[in-house]
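Worksheet: one structure, shown below.
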Amino acid sequence: MPSVYNSIYAGMGVHASNAYQAKGQTMTKYPDGTEVTEEHEIEGTGQLMFDAPPCVISVGSGATMNVGNYNSVKVHASVWVPCAHDELDEVYDFAKGWVENKLGMMVAEVKQSFGL
């Protein structure tokens, strides 16, 4: 395995066995400046094994909502999923769906919290 491969993926949960884990993250920033960030294991993916360096699909999306009195709440969801080259389209659809679902849940939670 080339050293470039090791250094690029070293911070992304790569192990010597070439096992990878899909990761997701959600972030909510409130008007008072507090941020709540959560890491998520992506259900159903488990440890992903590859013989060669994988492709990586990364999808993220966010929304800013006016909660009145010149205040807003920002929410963001993103996911990082390693995959084989021949799975790019399928994994992109999965990642996009995961982000859309998480973002929708976060928007609904903010609307409920602020009575919007």
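Taking a straight Cα-Cα cut-off under 21 Å and skipping sequence neighbours fewer than 8 places away in the same chain, the lysines within cross-link reach of K23 are K74, K96, K102. For T34 and N101, a Förster radius of 25 Å and the Cβ-Cβ distance give a FRET efficiency of 0.55, rounded to the nearest 0.05.
Every read-out reported here was derived from the displayed coordinates using simple, explicitly stated rules and does not represent laboratory data. For clarity, every value in this text was computed on a predicted model and none was experimentally measured. All Cβ positions, glycine included, derive from the backbone under ideal geometry; neighbour counts span all protein chains shown.
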